[in-house]
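The values are calculated or read from the model by the stated rules, or taken from the named source; none is laboratory data. Note that the structure is predicted; figures quoted are calculated from it, not measured. Counting neighbours? That spans all protein chains shown, and the Cβs are built from the backbone with ideal geometry, glycine included.
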Protein chains: 2
Amino acid sequence: MRDVYVIGIGQTPIGEWWDKGVRQLAYDALHDATEDSGLEWPDALYVGNMMSSRLSGQAHLGALIADFAGWRGIEAVTVEAACASGGAAFQAGVRAVASGMVEVAAVVGVEKMTDGIGGGVISGLATAADADYEVIQGVTFVALNALIMQRYMYEHNLKQEAFAAFCINAHHNAVNNPNAMFRKEITTRAYLNAHMISPPVNLLDSSPICDGAAAVLLGTKDILRDLPEAIPVRILASTNAIDSVAIAERHDLLGMEAIRNSAQKAYQTARLAPTNIDVFELHDAFSIMAAVSLEASGFAERGRGTFLASEGEISLTGRIPVSTMGGLKARGHPVGATGVYQIVDAVTQLRGTADKNQVKDATIAMAQNVGGAGTTVITHILARE
Amino acid sequence: MRDVYVIGIGQTPIGEWWDKGVRQLAYDALHDATEDSGLEWPDALYVGNMMSSRLSGQAHLGALIADFAGWRGIEAVTVEAACASGGAAFQAGVRAVASGMVEVAAVVGVEKMTDGIGGGVISGLATAADADYEVIQGVTFVALNALIMQRYMYEHNLKQEAFAAFCINAHHNAVNNPNAMFRKEITTRAYLNAHMISPPVNLLDSSPICDGAAAVLLGTKDILRDLPEAIPVRILASTNAIDSVAIAERHDLLGMEAIRNSAQKAYQTARLAPTNIDVFELHDAFSIMAAVSLEASGFAERGRGTFLASEGEISLTGRIPVSTMGGLKARGHPVGATGVYQIVDAVTQLRGTADKNQVKDATIAMAQNVGGAGTTVITHILARE
C-alpha cells in the first residue's frame with residue numbers, strides 16, 4: 001500500500017449560487033485545487049454528490065465534471081453515501097492512489113441544494129433515511145435528529161441551552177472564513193429565541209440549505225518531490241463503518257456505534273488516541289450530532305459532550321477545537337460537498353494557513369463525515385509531515 | 001498492489017419484481033454470492049445503482065443493503081456512473097482489495113426500474129445524458145442512440161437488417177439462461193417487423209426496462225487458499241475512461257473514443273491483444289452500441305461491426321463470442337446492476353459452468369460496461385488461473 005498525500009485544495013464560497021450549475025461549481029473548486037497543487041491533469045476524478053439526480057435532473061456527474069474540467073479520457077465516477085458522500089469520494093481517491101492504479105486523483109464534493117427549493121430538497125434529504133420504514137411515516141431528516149436530541153435531553157437531564165455553545169463556536173469561527181455562509185457571531189439569547197423547527201431542534205441547531213463545492217488533489221511522495229513548495233499532508237487513516245439506516249433498529253440510539261467503530265478503526269490504523277488529535281472537523285449538521293460525535297469518538301464521556309462545548313474546550317484554544325472554519329453549521333452544509341470541505345479545512349489547519357483561526361501547532365487533524373442520522377461514518381486522520 | 005480474485009458470484013433472475021424492493025433484490029444476489037464463496041462476512045460493500053434515489057425515494061443504499069444483509073459495522077458506499085454504475089462498483093471493490101485496505105469486498109449491482117413505470121424511468125434514464133444541453137431539448141436516451149445509429153447507417157451505407165444478428169444472437173443465448181428475462185429465439189423477420197421506437201431504433205434493438213441484482217465477492221490469493229474448491233478467476237485489468245456526456249461535443253461520434261481508450265488501457269495493463277480474448281461481454285443496450293463496441297475495442301475494422309455479427313463470429317463458437325448468456329438485450333439491463341451481471345457471466349464462462357452456453361476453452365474474458373451513449377466506459381479483463 002502506498003502512502004497518500006493531499007497535494008492541492010480548493011473550494012467555492014458556500015451560499016446560494018443561483019447563477020451557477022453543478023458542473024460550474026465543481027469546476028471552480030477543482031480549478032483552485034489544481035492551481036494550488038501545481039498539477040493540471042489528474043488520472044481520475046471522484047465526485048461526492050447526493051442529490052443532483054433528483055434536484056438538477058443530472059446523474060453521471062463523474063464524466064460530466066471531468067469533461068467540463070478539460071480532462072476527457074481520464075477515469076471518473078460518483079460516490080454516494082447520503083451526507084457522507086464527500087468523505088466517501090475522498091476515500092475512493094485515497095484507495096485509488098494507495099492501490100497503485102492511479103497516480104494523481106482529483107476529488108470534488110459538490111451539491112446544489114437551491115435547485116430544490118420549493119420542496120424537492122426536503123424529500124431529497126429524506127432519501128438518506130429509510131424510505132420503507134421511516135420516510136413513509138412522514139418523518140423528515142430534521143425530525144429524526146429531533147427524536148435523537150429529545151432522547152438525549154431526557155436521558156442526560158439537559159435543557160435546550162446545553163447545546164448553545166456548539167452553534168456559538170461555529171458562528172464565531174465562521175466570521176474569519178471568507179468561504180463561510182454565515183459570517184456573524186450569535187449569542188445564547190439568539191439561540192434560545194430561534195424559531196423551533198422540529199422540537200427540540202431549532203433554527204440555530206441546524207445547518208443551512210446551500211450550494212458549494214470543495215476539491216482536493218491526491219498523490220504520492222514521488223509526486224511531491226516535483227513540488228518543492230508543497231507542504232506535505234499525509235493520510236494516516238481512512239475508515240468507514242455503517243449502522244442501520246432506520247434509527248429504530250439501533251441497539252443503542254445515543255451510543256452511535258458507527259461513529260465509535262469508524263473512529264476506533266481510524267485510531268488503530270494511525271496508532272493514535274483521541275489525545276493526539278489537534279483539530280476535529282466533526283459533522284455538526286445538527287447540534288445533537290456534534291455532542292454525540294464528541295462522545296462516540298472518545299473526546300468526552302457519555303452524556304458529557306455538551307459540557308465540553310460549554311466549558312470552552314471546543315474553541316480554537318481549547319482541548320479539542322471543532323468546526324474551526326465554521327463547521328457544517330456556519331460554514332455551511334452542501335451535503336455531498338461537506339466531507340471534502342472538512343478535509344480542506346483540516347489541511348488548512350495542518351498547513352498553518354488558517355490565519356486568525358489557526359489552531360496553534362496543529363500537526364494531526366481528524367475529519368469525520370456522517371451520512372444519515374449516524375448511519376455511514378467516514379473518518380480520516382491527516383498529519384503534517 | 002495485490003492481485004484480486006473473484007471468489008463468489010450470485011444473481012437474481014431478471015424480470016419485473018413487483019413483490020421485492022431494492023434491498024431485498026440486492027440481498028438475494030449477495031446471499032447467493034456468499035454461499036458460492038463459502039465466506040459470510042465481507043469487510044466492505046460497494047453498491048452499483050443509478051436510479052433508486054429517484055424511482056424508489058431511497059439513496060444511501062450502501063448502508064441500507066449492508067445492514068439488511070446482516071453486516072452492520074462494515075464499510076459501505078454506492079458508486080454511480082449512469083448505466084456503468086455496476087462496473088464502477090466492481091472497480092471500487094477491486095481497488096479496495098488491491099490497496100490492502102480491505103480483505104474481502106462484496107459488490108452488488110441492483111436496479112428496480114419497475115418502480116418508475118408510468119414515466120419516471122424514462123426521465124430517470126435521461127439523467128445519464130446532459131441535462132442542460134441534451135435533455136432540455138426533449139431528447140430521451142433511446143433518441144440519443146437513434147441519432148448515433150442513423151449516422152452509422154448513413155456513413156457505412158447500411159440498412160436496418162444489418163443489425164438483426166445482434167439481437168438474434170442475444171436471444172438465442174438467453175434461451176438456456178434461467179436468469180434471463182427473454183428466453184425465446186427471434187428471427188430476422190420478427191426483428192424487421194418490430195415496432196419502431198425512435199427511428200431507426202426498434203423494439204428489438206433495445207434492452208428492456210427491468211429489475212434485478214447481481215453480486216460478487218472479491219479477495220486475495222490468501223483468502224483463496226482457505227477455499228480449496230474455488231476456481232480462481234483473477235482480475236488482469238480494471239480501467240475506466242470518459243468522453244463528453246453530450247454527444248454533440250464528441251470529436252468523432254462513431255469512433256467512441258472512451259471505448260477505445262478504456263479497452264486499450266485494459267489491453268496494456270493485461271499485456272494482451274483483442275485476439276487473446278475468448279469471451280466479450282459487451283454493452284448491447286442497443287444494437288448500435290454492440291456494433292461500435294466491437295469496432296472501438298479492436299475486434300472489427302471501422303464500419304465492420306455488424307458484419308462480424310451477420311457472419312456468425314459473435315456466436316458461442318465464433319471468433320469473439322458476445323452476450324453469451326443473453327447480454328443486456330435478452331438477459332436484461334437493470335441499469336445499475338448490468339456491470340456486475342457482465343462480470344458474473346464472464347466468471348461463469350471462465351469457470352466452465354455455462355452449461356449449454358459454454359464457450360470452449362474460455363480462459364480470458366473481457367467485460368465492458370458503458371454509461372451514457374459511450375460516455376463512461378469501464379473495462380475488466382479476467383482470467384482463469
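For segment A:35-51, the count of residues that are crowded, with 24+ Cβ neighbours inside 10 Å, in a helix (DSSP H, G or I) and at the interface with another protein chain (Cβ under 7 Å from one of its Cβ atoms) is zero.
Checking each residue in segment B:153-167 for being surrounded by 22 or more Cβ atoms within 10 Å (Cβ to Cβ) and out of contact with any Pro (no Cβ under 9 Å at 6 or more places or on another chain) picks out B:Ala164, B:Ala165, B:Phe166, B:Cys167.
For segment A:83-101, residues that are surrounded by fewer than 24 Cβ atoms within 10 Å (Cβ to Cβ) and in a loop (DSSP other than H, G, I, E, B) total 2.
Every listed requirement among (1) assigned to a strand (DSSP E or B); (2) within 11 Å of chain B (Cβ to nearest Cβ) is met by A:Val108 save one, (2). For segment B:129-140, check the following and say yes or no: at least one residue is touching a strand residue (DSSP E or B) at 6+ places or on another chain (Cβ under 9 Å) and modelled with pLDDT of 95 or more. There is no residue in segment B:129-140 that is touching a strand residue (DSSP E or B) at 6+ places or on another chain (Cβ under 9 Å) and modelled with pLDDT of 95 or more. Pairing each residue of segment B:71-87 that is on the phi > 0 side of the Ramachandran plot with any residue that is surrounded by 24 or more Cβ atoms within 10 Å (Cβ to Cβ) and assigned to a strand (DSSP E or B), provided the two are 6+ apart or on different chains, yields C-beta distances under 8 Å for B:Gly73/A:Ala241; B:Gly73/A:Ile242; B:Ala82/B:Gly371; B:Ala82/B:Thr376.
Residue-by-condition table, conditions (1) of a type in the set (Phe, Trp, Tyr); (2) out of contact with any His (no Cβ under 8 Å at 6 or more places or on another chain); (3) closer than 28 Å to A:Val77 by Cβ:
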position	(1), (2), (3)
B:Gly303	no, no, no
B:Ala309	no, yes, no
B:Met325	no, yes, yes
B:Gly332	no, yes, yes
B:Gly339	no, yes, yes
B:Thr348	no, yes, yes
B:Gln358	no, yes, no
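Polar (S, T, N, Q), on the phi > 0 side of the Ramachandran plot and either out of contact with any Asp or Glu (no Cβ under 8 Å at 6 or more places or on another chain) or free of Cβ contacts under 8 Å to residues at least 12 places away in the same chain (or both): is that true of B:Asn157 in this structure? So B:Asn157 passes the test. Note on segment A:356-385: residues that are β-branched (Val, Ile, Thr), surrounded by 24 or more Cβ atoms within 10 Å (Cβ to Cβ) and over 15 Å from A:Thr338 (Cα atoms) total 2. Counting only residues that are surrounded by fewer than 16 Cβ atoms within 10 Å (Cβ to Cβ) and charged (D, E, K, R), segment A:250-278 holds 2 of them. Within segment B:180-226, the residues that satisfy the criterion of being of a type in the set (Ser, Thr, Tyr) and either in the same structural domain as B:Gln11 (by TED's automatic domain parsing) or in contact (Cβ under 8 Å) with a residue 40 or more places away in the chain (or both) are B:Ser198, B:Ser206, B:Ser207, B:Thr220. Taking the conditions (1) over 19 Å from the mean Cα position of the chain (by Cα); (2) part of a loop (DSSP other than H, G, I, E, B); (3) of a type in the set (S, T, N, Q) in turn, B:Gln150 satisfies each one other than (2).
Screening B:Ser56 against (1) under 18 Å from B:Phe90 (Cα atoms); (2) among the hydroxyl-bearing types (Ser, Thr, Tyr); (3) within 9 Å of chain A (Cβ to nearest Cβ) leaves a single unmet condition, (1). Which ones in segment B:275-308 are among the acidic types (Asp, Glu) and in contact (Cβ under 8 Å) with a residue 12 or more places away in the chain? Across segment B:275-308, the qualifying residues are B:Asp278, B:Glu281, B:Asp284, B:Glu295. Give segment B:263-298 a look and list any residue that's assigned to a helix (DSSP H, G or I) and either of a type in the set (D, E, K, R) or outside the structural domain of B:Ala146 (by TED's automatic domain parsing) (or both), or say none. Matches in segment B:263-298: B:Lys265, B:Glu295. When the residues of segment B:61-78 are filtered to those that are in a helix (DSSP H, G or I) and more than 7 Å from every other protein chain (Cβ to nearest Cβ), which remaining residue is farthest from A:Val370 (Cα to Cα)? If we take residues in segment B:61-78 being in a helix (DSSP H, G or I) and more than 7 Å from every other protein chain (Cβ to nearest Cβ), then B:Phe68 is farthest from A:Val370 (Cα to Cα).
Could you list, in sequence order, all residues of segment A:183-216 that are assigned to a helix (DSSP H, G or I) and surrounded by 18 or more Cβ atoms within 10 Å (Cβ to Cβ)? Matches in segment A:183-216: A:Tyr191, A:Leu204, A:Asp205.
For segment A:54-111, enumerate the residues that are of a type in the set (Lys, Arg) and either more than 22 Å from the chain's Cα centre (by Cα) or under 18 Å from B:Ala258 (Cβ atoms) (or both). Once the filter is applied, which keeps residues that are of a type in the set (Lys, Arg) and either more than 22 Å from the chain's Cα centre (by Cα) or under 18 Å from B:Ala258 (Cβ atoms) (or both), segment A:54-111 yields only A:Arg72.
The residues of segment B:224-262 that are over 17 Å from B:Ala291 (Cα atoms), at pLDDT 95 or above and either part of a loop (DSSP other than H, G, I, E, B) or away from every other protein chain (no Cβ under 14 Å) (or both), listed by number, are B:Val233, B:Arg234, B:Asp243, B:Ser244, B:Val245, B:Ala246, B:Arg250.
Results for (1) closer than 22 Å to A:Ala106 by Cβ; (2) within 14 Å of chain B (Cβ to nearest Cβ); (3) assigned to a helix (DSSP H, G or I), shown as yes or no for each residue.
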site	(1), (2), (3)
A:Tyr341	yes, no, yes
A:Ala346	yes, no, yes
A:Gln349	yes, no, yes
A:Thr353	yes, no, no
A:Ala365	yes, no, no
A:Val370	no, yes, no
A:Gly374	no, yes, no
A:Val377	no, yes, no
A:Leu382	yes, no, no
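In segment B:121-147, of all residues being outside any helix (DSSP H, G or I) and hydroxyl-bearing (Ser, Thr, Tyr), the one that is nearest to the other protein chains (Cβ to nearest Cβ) corresponds to B:Thr127.
Selection of segment A:11-24 for residues being crowded, with 24+ Cβ neighbours inside 10 Å and either in contact with an Asp or Glu (Cβ under 7 Å, 6 or more places away or on another chain) or not in a helix (DSSP H, G or I) (or both) yields A:Gln11, A:Thr12, A:Ile14.
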